[in-house]
Amino acid sequence: MQYSDSERIFDELLLTRIQAGDRRAGERLAARWYPRLMRTAYRLLRDEDQAQIAVQEAWASICKGWRGLRSPNRFPAWAYTILHRRCADRIRWNQRDRGRHAADRESDHQVPPRAEDKVTIGQAFDLLTQDHRVAATLYFSEGLTVKEIASVTGVAAGTVKSRLFHARKQLKAALGEDQEGSPPDNKENEDDEI
């Protein structure tokens, strides 16, 4: 689902009204953004309960800080930056928790799919590294620009482009698009347009 110009403008208007003290505008912005943030958090964390916790924490931070946001047009990147931090916190917490309980559990090994296996897009996203998954989710699913993703993740735009290039390549391989019978990709410099 892409984020259209009219949606951006409407969100900017809502944020301007929030900053002027309109509570209903805050409720409307929450209704518009909570599902979007939830979808992104789930794609990053791959666990609904963890995603809900991350979104609730992120939304609380967003509500505390939105009056101080000077440029309402920066709201999407700002909101995703906060969500990205909360998701990273959840991942770190889960890794520490797994480390503490590793002796109690058997190792659950993630095996990449074989070429003949069909995988879903979700499974293909699971195979991406965390950095590649974040970039791909924000670009392909949420419609953020490379510059906005750079702002969210705190890396250079060139790094975002590289992550998107590698994510696209890995997703195509996992989904079997580069195998026999698939049309070849004729756009060699397709990523220059990102």
*asked:* List the residue pairs whose Cβ atoms are under 9 Å apart, where the first residue sits in the range 24-43 and is in a helix (DSSP H, G or I), the second is among the β-branched types (Val, Ile, Thr) and surrounded by fewer than 17 Cβ atoms within 10 Å (Cβ to Cβ), and the two are 6 or more positions apart or on different chains.
replied: ALA25/THR16
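Filter the range 116-133 down to the residues that are crowded, with 19+ Cβ neighbours inside 10 Å and out of contact with any Lys or Arg (no Cβ under 8 Å at 6 or more places or on another chain), then identify the one that is farthest from ARG92 (Cα to Cα).
Among them, the one singled out is ALA124.
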*Name every residue in the range 1-23 that is over 28 Å from HIS132 (Cα atoms), part of a helix (DSSP H, G or I) and either out of contact with any Phe, Trp or Tyr (no Cβ under 8 Å at 6 or more places or on another chain) or among the hydrophobic types (A, V, I, L, M, F, W, C) (or both), in order of residue number.*
SER6, ILE9, PHE10, LEU13, LEU14, LEU15, THR16, ARG17, ILE18, ARG23
*asked:* Going by what's in this entry, would GLY176 be described as at pLDDT 55 or above and not assigned by TED's automatic domain parsing to the domain that holds ARG39?
replied: yes
*Scan the range 38-53 and give yes if some residue there is of a type in the set (Gly, Ala, Ser) and buried (at least 19 other Cβ atoms within 10 Å of the Cβ), otherwise no.*
yes
*Find the residue count for the range 54-72, including only residues that are surrounded by 14 or more Cβ atoms within 10 Å (Cβ to Cβ) and either assigned by TED's automatic domain parsing to the domain that holds THR145 or touching a residue at least 40 places away in the same chain (Cβ under 8 Å) (or both).*
3
*Answer yes if at least one residue in the range 89-101 is crowded, with 17+ Cβ neighbours inside 10 Å and either at pLDDT 85 or above or out of contact with any strand residue (DSSP E or B) (no Cβ under 9 Å at 6 or more places or on another chain) (or both), and no otherwise.*
yes
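Answer yes or no as to whether GLN50 is in contact with a Phe, Trp or Tyr (Cβ under 9 Å, 6 or more places away or on another chain) and among the polar types (S, T, N, Q). First the steps, then the outcome.
Working: in contact with a Phe, Trp or Tyr (Cβ under 9 Å, 6 or more places away or on another chain): yes; among the polar types (S, T, N, Q): yes.
Yes; evaluated as a whole, the condition is true for this residue.
The values are calculated or read from the model by the stated rules, or taken from the named source; none is laboratory data. Please read all numbers here as calculations on a predicted model, not as lab measurements. Neighbour counts run over all protein chains shown; Cβ positions are idealised from the backbone, glycine included.
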